[in-house]
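Peer 1: Structure in structure tokens, see below.
Each reported figure results from applying straightforward, stated rules to the coordinates on display, with no laboratory input. All figures in this text were calculated on a predicted structure; none of them were measured in a lab. When we count neighbours, we look across all protein chains shown, and the Cβ atoms used for this are built from the backbone with ideal geometry, even at glycine.
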Amino acid sequence: MSLENVLDQKREEFLIKWFQLMVDAYPAETAKFLKREKNPFANPVGRSIHEGISGILDLLVRGVEHGKASEFLDRIIRVRAVQDFSPAQALAFVFDLRGLLRDVLVKEIDEGGITADELALFDAKVDELALISFNVYTACREKLYEIKVEEIKNRSFRLLQKAGLLEEISETREESGEKGGDQ
Amino acid sequence: MAKIPKASEMAATLSHIPPQTGWMDTPTEFKQGRWCYGAKAKNMEVLGLPNPRDWSPTDADWKLPSNWKEIILEGLRERIGRFRSLRLFMDICVRCGACADKCHFFIGSGDPKNMPVLRAELLRSVYRKEFTTAGKILGKLAGGRELTEEVFKEWFYYFFQCTECRRCSVFCPYGIDTAEITIIARELLNLVGCNIDWIAGPVANCYQNGNHLGIQPHAFKDMIEFFVDEIEALNGIRIEPTFNRKGAEILFITPSGDVFADPGTYTLMGYLMLFHEIGLDYTWSTYASEGGNFGFFTSHEMMKRLNAKMYAEAKRLGVKWILGGECGHMWRVVNQYMDTMNGPADFLEEPVSPITGTKFDSAKGTKMLHLVEFTADLIRNGKLKLDPSRNDHLNVTFHDSCNPARGMGLFEEPRYVIQNVCNNFHEMPPNTIREQTFCCGSGSGLNTDEFLDMRMRGGLPRANAVKHVHDMFGVNTLSTICAIDRAVLPPLMDYWVPGVGVAGVHEMVGNALVMEGETERTTDMRGEPLAGMEDSEDEDI
Ligand code: SF4
Ligand code: SF4
């Protein structure tokens, strides 16, 4: 049986273990809450982890599709990008996949049911996911900076507009070949 | 086969090893994006606040007065005597944990000290050590803790990570209100000069010029006249608002955010259009030019000082009663405190709608009526000509702002108004609305940009519920009746649920309102084409 098929059969176990690894990154009380609370609206972080990891697992079984991969990674990373994690800590969960696979499929690997080639291929997919996750993380942090700038601008937007300053600014920008103003 | 280490087993810098110590022994680290700048000396001086100096929470030395500890403990002793509820809240918590996972900051951050019970425990532990026999003798064993500089800094960090939203109190079997504990803790912090500048600045401006931005009367008037022009461009109707007019029947007060920042400005245009259409005899005040009251986030005394202008101005102008716009904490102050604090306003009359004759019992004490109640009554009595299809380009949900919802029980009126001016409306899940509504994550003076990471965490539960109705029903508009919400929900949506905009309820009223003598409407107030008018828009430009 191929790695994908075995993995598909052990889907539940794989997801439970992965979820556990994810919540272990939080203090014990928090980890307990993230696991216990099943209502997706009372526990949005747990929800996004669930949706993210099951989506990613599906992709691994069926092949990583770039657009989809960033969507599922985004579900998880968008949250971690604003929590108390360094970038490395925020993205560690992707790298956990290799160890996790070898843990869940230990018997099959030992018995030779899964070849070294298959493992190498899986690792390559994890690498690809890791690379995509860098993009996603950076995009989240960039969005935050963009929001900050917008917020500061909007605070005085109407006053500047009224004073006729914004029109001047957008005209100058257009003259210098830049894209429109604030309007 | 070589075993691959888990990420959590790798070097500490790579993995996230959560603290395994108990909460009391877990030190607080001031990380960027999680705390607000300290109040500036100049703002504190204007207000006569103690210990004015320029300082930063990341400085090792906070330049506290040498007897800071005595000041705080004396302040606590005095407040425990003055506020019976505080003593009760300090004594009766049984740590059942019912509130623990109900705070949006805990849910979004995963930081256990954002659990309401632990937030309160920060203060309670010091109370136990200093004011209870068990705590004095047994110390830590009885949950007591010495007030050290570290503990004090931890207070600053976590009491400025509570939006005083009161969601936790809904779930506490004893009705313990952690928001009240935060309010007291912030008062104590203020006794030695530890406020945040995002609060002290607006308070100082308000105290000097009447509004948060410190806009002077002529500029305030100019701004409103600017919107008069915008409305005329929109539908050909010239509105003539009056300012500081003595003898007007009604004084209208709204947060200044509606005057100066989008999308609140569209809500303001809605107010102007509505009042014009029904021929309301009202006036604006350039002195009471701010409904918001950041004094409430500083101390009881400061709240009173800033609130005083409402009645003072009503008296000076000789109006009969006050009508208040869409705001959150303004209503908490008005409803919970104004009457006893700066009243009784016996020179005012009980609000009666001049259009329908309805008497509003809800405003009997304060003589200040919520605009949404007023508008709902107009609609109920068939006094408005409305074309809800003008909002067909909007697919709307409603965010109950903490203060009007949990503070006033204002659940039905906004929904009634929305459903009369919009055809597409979808509620968010029940455990995220009405009394259980989730805070925007930026209330109580924490809507500043240096606090953005924390705001995004705190706003996650709200955003998550919006995402649900966005995905399920295609909701593209989050409506609200709070000025802070109008300022902070757009960035929240931008991060978590792109594609959802934010609108005040009276913006949508303004869109739907059919005014006498209006020219054909092709766009909404933002210049967006109305449904079915997508082509005619080009001609306008
Ligand atoms: S719900 Fe009330 S009694 Fe229970 S831990 Fe929270 S504050 Fe204490
Ligand atoms: S009042 Fe709101 S922000 Fe403060 S602890 Fe309670 S739920 Fe959290």
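Peer 1: Counting pairs of alpha carbon atoms under 8 Å apart in space and at least six apart in sequence, what relative contact order in percent does chain A give? Show your work: numbers first, answer last.
Peer 2: Details: 133 pairs, mean separation 39.1, N = 183.
Relative contact order for chain A comes out at 21 percent.
Peer 1: With no solvent and one equal point scatterer per Cα, compute the Debye intensity ratio I(q)/I(0) for segment A:76-135 at 0.13, 0.28, 0.30 Å⁻¹ and report its log10, rounded to two decimals.
Peer 2: Debye intensities relative to I(0), on a log10 scale: -0.42, -1.12, -1.21.
Peer 1: In degrees from 0 to 90, rounded to the nearest 10, what is the angle of the helix B:178-191 Cα long axis to the longest principal axis of chain B?
Peer 2: 70
Peer 1: Here is a further query. Would you work out the relative contact order for chain B, in percent, from Cα pairs under 8 angstrom that are 6 or more residues apart?
Peer 2: Numbers: 990 pairs, mean separation 85.8, N = 541.
Across chain B, relative contact order equals 16 percent.
Peer 1: Related question: How do B:Glu326, B:Glu435, B:Glu290, B:Glu516 rank when sorted from fewest to most other Cβ atoms within 10 Å of their own Cβ? If you can, show how the numbers build up before the last one.
Peer 2: Numbers: B:Glu326 33, B:Glu435 12, B:Glu290 30, B:Glu516 8.
Lowest to highest Cβ neighbour count: B:Glu516, B:Glu435, B:Glu290, B:Glu326.
Peer 1: Tell me the relative contact order for segment B:202-512 as a rounded percent, counting alpha carbon contacts under 8 Å between residues six or more apart. Show your work: numbers first, answer last.
Peer 2: On the way: 593 pairs, mean separation 58.2, N = 311.
So the answer I get is 19 percent.
Peer 1: Determine Rg/Rh for the protein assembly as shown; Rg is computed over alpha-carbon atoms and Rh is the Kirkwood hydrodynamic estimate from the same atoms. Working shown, then result.
Peer 2: Numbers: Rg = 27.5 Å, Rh = 27.5 Å.
That ratio is 1.00, to two decimals.
Peer 1: Okay, moving on. Quick one: Cα centre-to-centre distance for segment B:268-334 and segment B:231-258, in angstrom?
Peer 2: 13
Peer 1: Fewest first, what order do B:Arg119, B:Arg238, A:Arg158 take by the number of other Cβ atoms within 10 Å? Write out the running numbers ahead of the final one.
Peer 2: Values: B:Arg119 26, B:Arg238 10, A:Arg158 20.
Listing B:Arg119, B:Arg238, A:Arg158 from fewest to most nearby Cβ atoms yields B:Arg238, A:Arg158, B:Arg119.
Peer 1: Additional query: When only alpha-carbon atoms count, how far does segment A:1-78 stretch along each of its three principal axes, as whole angstroms with the largest first?
Peer 2: Computed over the Cα atoms, the extents are 40, 26, 21 Å.
Peer 1: I would also like to ask the following. Could you state the orientation-averaged shadow area of the convex hull built on the Cα atoms of segment B:207-309, in nm² to one decimal? Don't skip to the answer; put the middle values down first.
Peer 2: Details: hull surface 27.0 nm².
The orientation-averaged projected area of the Cα hull of segment B:207-309 comes to 6.7 nm².
Peer 1: Which helices, taking whole DSSP H runs in chain A, have alpha carbons extending 20 angstrom or more along the helix axis plus mean Kyte-Doolittle at least -1.0?
Peer 2: Working: long enough: A:44-62 (27 Å, 0.51); A:66-80 (21 Å, -0.48); A:87-104 (27 Å, 0.73); A:116-162 (68 Å, -0.16).
Span-like helices in chain A: A:44-62, A:66-80, A:87-104, A:116-162.
Peer 1: Just how far, in whole angstrom, is segment B:389-466 from segment B:147-193 if you go by their alpha carbon centroids?
Peer 2: 24
Peer 1: Continuing with the same structure: Within 10 Å of each residue's Cβ, count the other Cβ atoms and sort B:Arg87, A:Arg62, B:Arg415 from fewest upward. Intermediate values should be presented prior to the final figure.
Peer 2: Numbers: B:Arg87 15, A:Arg62 11, B:Arg415 20.
If I rank by nearby Cβ atoms, fewest first, I get A:Arg62, B:Arg87, B:Arg415.
Peer 1: Sticking with this one: Treating only the Cβ atoms of Lys and Arg (+1) and Asp and Glu (-1) as charged, compute the dipole magnitude of segment B:202-512 about its Cα centre; round to the nearest 20 debye.
Peer 2: Details: 26 positive and 36 negative charges, 129 e Å.
Roughly 620 debye for segment B:202-512.
Peer 1: Regarding chain A, what's the average projected area of the Cα-atom convex hull, expressed in nm²? If you can, show how the numbers build up before the last one.
Peer 2: Values: hull surface 57.6 nm².
Result: 14.4 nm².
Peer 1: Where does helix B:300-317 land angle-wise versus the long Cα axis of chain B, in degrees 0 to 90, nearest 10?
Peer 2: 20
Peer 1: Right, here's the next one. Provide Rg and Dmax in Å for chain B, with only Cα atoms included in the calculation.
Peer 2: Both quantities, over Cα of chain B: 24.5, 89 Å.
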